[in-house]
1. Whether any residue in region 37-48 is under 15 Å from GLY10 (Cβ atoms), in contact with a Leu (Cβ under 9 Å, 6 or more places away or on another chain) and without any contact (Cβ under 8 Å) to a residue 24 or more places away in the chain is what I want to check.
2. Here are some residues: LEU246, LEU271. Which one is touching a helix residue (DSSP H, G or I) at 6+ places or on another chain (Cβ under 9 Å), exposed (fewer than 15 other Cβ atoms within 10 Å of the Cβ) and closer than 13 Å to PRO190 by Cα?
3. For residues in region 96-113 being hydrophobic (A, V, I, L, M, F, W, C) and crowded, with 24+ Cβ neighbours inside 10 Å, which is farthest from VAL171 (Cα to Cα)?
4. Does HIS188 count as at pLDDT 75 or above and either crowded, with 16+ Cβ neighbours inside 10 Å or part of a loop (DSSP other than H, G, I, E, B) (or both)?
5. When you look at ALA64, is it surrounded by fewer than 24 Cβ atoms within 10 Å (Cβ to Cβ) and either at pLDDT below 95 or within 24 Å of the chain's Cα centre (by Cα) (or both), yes or no?
6. Here are GLU172, GLU137: which of them is loosely packed, with under 14 Cβ neighbours inside 10 Å and either not assigned by TED's automatic domain parsing to the domain that holds ALA227 or not small (Gly, Ala, Ser) (or both)?
7. Condition test on ALA57, is it within 12 Å of ALA15 (Cβ to Cβ), surrounded by 17 or more Cβ atoms within 10 Å (Cβ to Cβ), among the small types (Gly, Ala, Ser) and in contact (Cβ under 8 Å) with a residue 24 or more places away in the chain?
8. If LYS132 meets every condition in (1) free of Cβ contacts under 8 Å to residues at least 40 places away in the same chain; (2) not in a loop (DSSP other than H, G, I, E, B) apart from one, which number is that one?
Amino acid sequence: MIYNKVALIGLGLIASSIFWSAKRGALAGQVTGYARSAATRDTARRIGLCDTICDTAAEAVADADLVILCVPVGAMGAVAAEIAPHLKPGAVISDVGSVKKAVIEAVQPHIPDGVHFIPAHPLAGTEHSGPKSGFAELFDNRWCLLVPVEGSDAAKVAELRAFWEGLGSNVEEMDAEHHDLVLAVTSHTPHLIAYTMVGVADDLRRVTDSEVIKYSAAGFRDFTRIAASDPTMWRDVFMTNKDATLEILGRFTEELFALQRAIRTGDGDLLFDYFTRTRAIRRGIIDAGQDTDAPDFGRVAGRK
């Protein structure tokens with residue numbers, strides 16, 4: 001056991017997976033949970049999610065050694081302000097947001113003296129959301145990035161690292177600005193492109209809805225899987241990681257124009273060389289154990 005009591009604020013995919021994984025690894029003596037929606041709290045109670053589901057965030061965080069904010073990044077500041085008076089001295093407050101600079105700016109001003117704020121971001125997820133979507137294996141062999149703020153207690157950081165490793169994650173530390181740029185490349189911009197491509201298919205009336213569904217090849221099907229992700233979460237991501245996302249979108253646009261020109265002029269050599277170079281990145285992801293080349297990418301139905 002690493003923490004006597006862990007509090008999860010927000011009860012979606014990540015929080016529910018944290019609970020089931022922590023239970024699997026016996027990492028916490030007690031896990032409390034809170035969600036703003038009464039319906040979500042009722043669902044969590046019905047499925048046995050968390051040891052105790054509380055009706056207020058204050059009740060959930062009372063005496064907790066670790067509090068994890070599992071709410072959309074746009075709500076982090078308000079939630080931190082709400083729970084701040086109820087955090088016990090020596091507690092660690094962390095999060096799972098996919099943007100770090102904006103979350104730090106929103107949360108840190110509310111952290112009381114004697115409480116340790118250590119932001120984190122597990123690079124794991126599915127297109128599903130809600131308390132019933134979590135499962136214990138979500139973090140296995142996935143990365144969790146810790147983003148300690150200036151003056152973070154090294155022992156508390158090591159403790160949180162051990163917790164995430166116990167959940168199955170590989171753990172690295174990174175500064176907030178670099179984190180946001182990396183995620184703009186690996187997650188945020190690809191999601192925006194997926195949303196755009198699905199929107200294009202919806203707008204292209206010469207291709208009927210039935211044809212889009214019936215003849216979906218693997219590429220478009222995977223775009224729709226990504227674009228099915230929680231809209232509140234992704235709205236907040238793009239509003240809070242604006243600069244890095246716009247920088248990567250600019251670079252993407254330049255590359256796209258170059259490929260358009262190659263197609264227009266019949267420059268097959270450029271296309272072949274480009275596709276060969278980018279194909280190697282896929283091989284690198286597989287070699288790093290972050291995906292599989294099994295049929296259908298080795299996905300388990302309803303999970304990955």
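1. Within region 37-48, one or more residues are under 15 Å from GLY10 (Cβ atoms), in contact with a Leu (Cβ under 9 Å, 6 or more places away or on another chain) and without any contact (Cβ under 8 Å) to a residue 24 or more places away in the chain.
2. LEU246
3. VAL107
4. yes
5. The answer is no for ALA64.
6. GLU172
7. Spelling it out, it is not the case that ALA57 is within 12 Å of ALA15 (Cβ to Cβ), surrounded by 17 or more Cβ atoms within 10 Å (Cβ to Cβ), among the small types (Gly, Ala, Ser) and in contact (Cβ under 8 Å) with a residue 24 or more places away in the chain.
8. For LYS132, the exception is condition (1).
The values are calculated or read from the model by the stated rules, or taken from the named source; none is laboratory data. Treat the numbers as computed from the prediction; the structure is a model and nothing was measured. Heads up, the Cβs are rebuilt from the backbone with ideal geometry, glycines too, and the neighbour counts pull from every protein chain shown.
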